[in-house]
Amino acid sequence: MARVIRQLGNVKLSIAFAAIAASLIGTSAHGEKIALVGGTAIDPGTNKVIENAVVVINGDSTESVGTRGEKQVPPGARSIDCAGRFILPGYIDTHVHFFQSGDIFTRPDVVDLTSVRPYAEEHAWIERNMRDTFARYLRCGITSVVDVGGPMWNFRLRKLVKSVPNAPRIAVAGPLISSVARPQLVLNDDPPIVKIDTPEQGVLLVQKLAKRSPDYVKIWYVVSPDSPVEKFRPIVHAVIAESHARKLRVAVHATELEAARAAVEEGADLLVHSVNDKLVDEEFVRLLKERGTILTPTLVVFERYGRTFANKLELLPEEKAWGNPEVIASLDVTKLAPDKVPDRIKTAVANPEPVLAKIQQTYDVALKNLKTLQDAGITIATGTDAGNIGTIHGPSLFREFQLMKQAGLTPMEILKDTTANAAKTFGGETGAKIGAIAPGKLADLVVLNSNPLDDIAHASDIQSVFKNGVEIAPESLHVDAK
Ligand SMILES: [Zn+2]
């Protein structure tokens, strides 16, 4: 960790030179042949570790991977010395929301601070800083992300990233098909969350979404005394049937065991949260296995709302260095004008113990469930829910890694969940070509200075990142917030 912190210090120093660096980098033109020589290539999907490797990148793809004895550096290739370094597939965060900034103003339906910053201004800030947000993902070695729900505006983002060089690949879902309404989040008649009351309404929304070719249809299966599991189930059934008929996959938010079970029985392709109310039973594990459902545990977000409100947010050094500084500054609730502080925050600051106890209770269940499902061979895909209050776009992934480690997962399992398994959630042609170091795969790579198999904390010790075969120096990626 000392090494990581030292490195972070350097990063801070180099921010000032970002503009200069940016003009010098980017010379590795598309179509170039590059050989990464002498490093350890780690392919978590196959558990393969090749020491003293030669990884040849040709254009946007990996051409070959082998030991130095087997593979020669091809003539004309630019050779990069990787001795002592570790080469992995780029990380994939399978659960983010770009319509949320991660700052304190981003969910007025949870804490209303619109008298400090109106929601329209919050959204304008997000739009203005989109390129900055994208670059921060790459800075963290995250070369692909899945946005599992937001306004129709999300489809514009998917288009935008194609013209932004320093951006991850993105897959997107449109508005969440929900059992509850969130009018506080509606701008320009483009709600991120749509309350659906009948199966027919659900089918109509799927038909409307299908025209935009979403990567997922998203269901927000929120259970409450007013909306028990069985009440919303006919809508879940109709939405999934209509989506599957149109060859669209369905992601479901369900944090209670019975809602998650119902969602999987109805055919959900992806559960975007861990079950956190009860320990999973054998029947549930068998069901996930039979159906081939993927599960994203999404652990970090559980602690971040409560810890932010209780003024107990403990961001990692990586988050402080690589997260957006304006977002991070907003999370200090002691800086809010006293007359503006919402009751929920007042109560949490005055009495943080119950808030912290609730987080611990949630983790006692969620971490145990993750270990059970991982051991049972369920496809687990790493995700953060970045964009929610306190969950920082980009580096919150490294807190997710810590929690997965705490659950008892090995570094190789965590890396597999973040690469090969996460690629399965991405889906489509692109999904088939990411998440691995192998011939024919897209050359999205992370080069580390220390071995992540010794300690998953080394996963943030990033030397360089390749996206589409183009090398990106991390220090060139600090786009200052406007
Ligand atoms: Zn989410």
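The values are calculated or read from the model by the stated rules, or taken from the named source; none is laboratory data. This is a predicted model, so every value here is computed, not measured. Positions of Cβ are backbone-derived with ideal geometry, glycine not excepted, and every protein chain shown enters the neighbour counts. These accessible areas exclude ligands, DNA and RNA; they are computed on the full protein's heavy atoms, side chains included. Shrake-Rupley method; radii C 1.70, N 1.55, O 1.52, S 1.80 Å.
Values for this structure:
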quantity	calculated
Wholly within segment 238-355, helices (runs of 4 or more DSSP H) carrying at least 2 residues that are more than 19 Å from the chain's Cα centre (by Cα) and not acidic (Asp, Glu)	257-265, 282-291, 300-309, 325-330, 343-350
Hits in segment 428-447 (condition: assigned to a loop (DSSP other than H, G, I, E, B) and open to solvent by less than 50 Å² (accessible area, probe 1.4 Å))	ILE434, GLY435, ALA436, ILE437, ALA438, GLY440, ALA443, ASP444
Residues satisfying the stated conditions in segment 31-80, i.e. within 27 Å of GLY431 (Cα to Cα) and part of a loop (DSSP other than H, G, I, E, B)	GLY31, GLU32, PRO44, GLY45, THR46, ASN47, GLY59, ASP60
Only one of SER144, SER163, SER179 that is open to solvent by less than 40 Å² (accessible area, probe 1.4 Å) and more than 16 Å from the chain's Cα centre (by Cα)	SER179
When residues of segment 376-415 are limited to those that are within 14 Å of THR296 (Cβ to Cβ) and charged (D, E, K, R), the one farthest from the ligand (Cβ to nearest atom)	GLU400
Residue among ILE104, ILE92 that is among the aliphatic types (A, V, I, L, M), away from the ligand (no atom under 16 Å from the Cβ), within 22 Å of VAL300 (Cβ to Cβ) and at pLDDT 95 or above	ILE104
Filtered residues of segment 328-347 (kept if touching a residue at least 40 places away in the same chain (Cβ under 8 Å) and either among the aromatic types (Phe, Trp, Tyr) or open to solvent by 100 Å² or more (accessible area, probe 1.4 Å) (or both))	ARG344
Restricting segment 92-125 to residues that are aliphatic (A, V, I, L, M) and out of contact with any helix residue (DSSP H, G or I) (no Cβ under 8 Å at 6 or more places or on another chain), the residue that is surrounded by the fewest Cβ atoms within 10 Å (Cβ to Cβ)	ALA120
Selection within segment 183-237 - assigned to a helix (DSSP H, G or I) and in contact with a Gly (Cβ under 6 Å, 6 or more places away or on another chain)	LEU209, ILE235
Subset of segment 250-278 that is under 18 Å from MET404 (Cα atoms) and of a type in the set (A, V, I, L, M) - its residue that is surrounded by the fewest Cβ atoms within 10 Å (Cβ to Cβ)	VAL275
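Residue-by-condition table, conditions (1) open to solvent by less than 10 Å² (accessible area, probe 1.4 Å); (2) among the basic types (Lys, Arg); (3) closer than 30 Å to GLU122 by Cα; (4) in contact with a helix residue (DSSP H, G or I) (Cβ under 7 Å, 6 or more places away or on another chain):
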residue	(1), (2), (3), (4)
VAL280	no, no, no, yes
LYS312	no, yes, yes, yes
GLU319	yes, no, yes, yes
ALA350	no, no, yes, no
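Here's the yes/no breakdown for (1) open to solvent by 10 Å² or more (accessible area, probe 1.4 Å); (2) farther than 19 Å from VAL49 by Cβ:
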position: LEU373; (1), (2): no, yes
position: THR382; (1), (2): no, yes
position: GLY394; (1), (2): no, yes
position: THR410; (1), (2): yes, no
position: PHE426; (1), (2): yes, yes
position: ASN449; (1), (2): yes, no
position: ASP461; (1), (2): no, no
position: VAL465; (1), (2): no, yes
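For (1) in contact with a Leu (Cβ under 6 Å, 6 or more places away or on another chain); (2) closer than 23 Å to GLY202 by Cα; (3) away from the ligand (no atom under 16 Å from the Cβ), each residue gets a yes or a no:
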residue: PRO234; (1), (2), (3): no, yes, yes
residue: ARG261; (1), (2), (3): no, yes, yes
residue: GLU266; (1), (2), (3): no, yes, yes
residue: VAL272; (1), (2), (3): no, yes, no
residue: TYR305; (1), (2), (3): no, no, no
residue: PHE309; (1), (2), (3): no, no, yes
